[in-house]
Amino acid sequence: MVDLNKLSPPALRAAMKGGTAGWGTVASATENVRYVQALPKIKARRRCYCGCGNKATHLGMANGMGLTRGCELSMQRWAKTGHARAVTQAPSAAHGDAS
Ligand SMILES: [Zn+2]
């Protein structure tokens, strides 16, 4: 059982919305509710891969597990759309096999 009191506010929202089955054990970016959590400053060492040039300061989470990380903007985008990068202008994304 998940102790809801220990969850961060965004995690709690996701747990309320999507349930806590397999919380912290199994996570799917497509099947679970995605949310964003800030990384502790000391862990924000890696470069974000969205192309912004900033450090990866936030985690992309689902079902209690960190699935990806990046700058706050890219993680908010990931939580919303499932893509960390903007897909509207990327020519390679226009081939029709995007899910
Ligand atoms: Zn970024």
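The values are calculated or read from the model by the stated rules, or taken from the named source; none is laboratory data. Because the structure is predicted, anything quoted here is derived from the model rather than measured. Positions of Cβ are backbone-derived with ideal geometry, glycine not excepted, and every protein chain shown enters the neighbour counts.
Could you tell me whether any residue of region 7-16 is of a type in the set (S, T, N, Q) and part of a loop (DSSP other than H, G, I, E, B)?
Yes - at least one qualifying residue is present in region 7-16.
How many residues does region 74-98 contain that are aliphatic (A, V, I, L, M), buried (at least 16 other Cβ atoms within 10 Å of the Cβ) and at pLDDT below 95?
Here is the first cut: in region 74-98, the residues aliphatic (A, V, I, L, M) are 75, 79, 84, 86-87, 90, 93-94, 98.
Imposing the further condition that a residue be buried (at least 16 other Cβ atoms within 10 Å of the Cβ) reduces the set to 75, 79, 84.
Of the ones still in play, those that are also at pLDDT below 95 are 84.
Qualifying residue count, region 74-98: 1.
Test L4 against the criterion of being aliphatic (A, V, I, L, M), more than 16 Å from the ligand (Cβ to nearest atom), surrounded by 11 or more Cβ atoms within 10 Å (Cβ to Cβ) and at pLDDT below 95, and give yes or no.
yes
Which ranges mark the strands (runs of 3 or more DSSP E) fully within region 27-87 that have 1 or more residues being aromatic (F, W, Y), in contact with a helix residue (DSSP H, G or I) (Cβ under 9 Å, 6 or more places away or on another chain) and more than 11 Å from the ligand (Cβ to nearest atom)?
34-38
Which pairs do you get when a residue that is without any contact (Cβ under 8 Å) to a residue 24 or more places away in the chain, found in region 18-47, comes within reach of a residue that is surrounded by 12 or more Cβ atoms within 10 Å (Cβ to Cβ) and outside any loop (DSSP other than H, G, I, E, B), reach meaning Cβ atoms under 6 angstrom, with the pair 6+ apart or on two chains?
A44/K55
Since R45 meets every condition but one in (1) at pLDDT 95 or above; (2) within 21 Å of A84 (Cα to Cα), which condition does it not meet?
Condition not satisfied by R45: (1).
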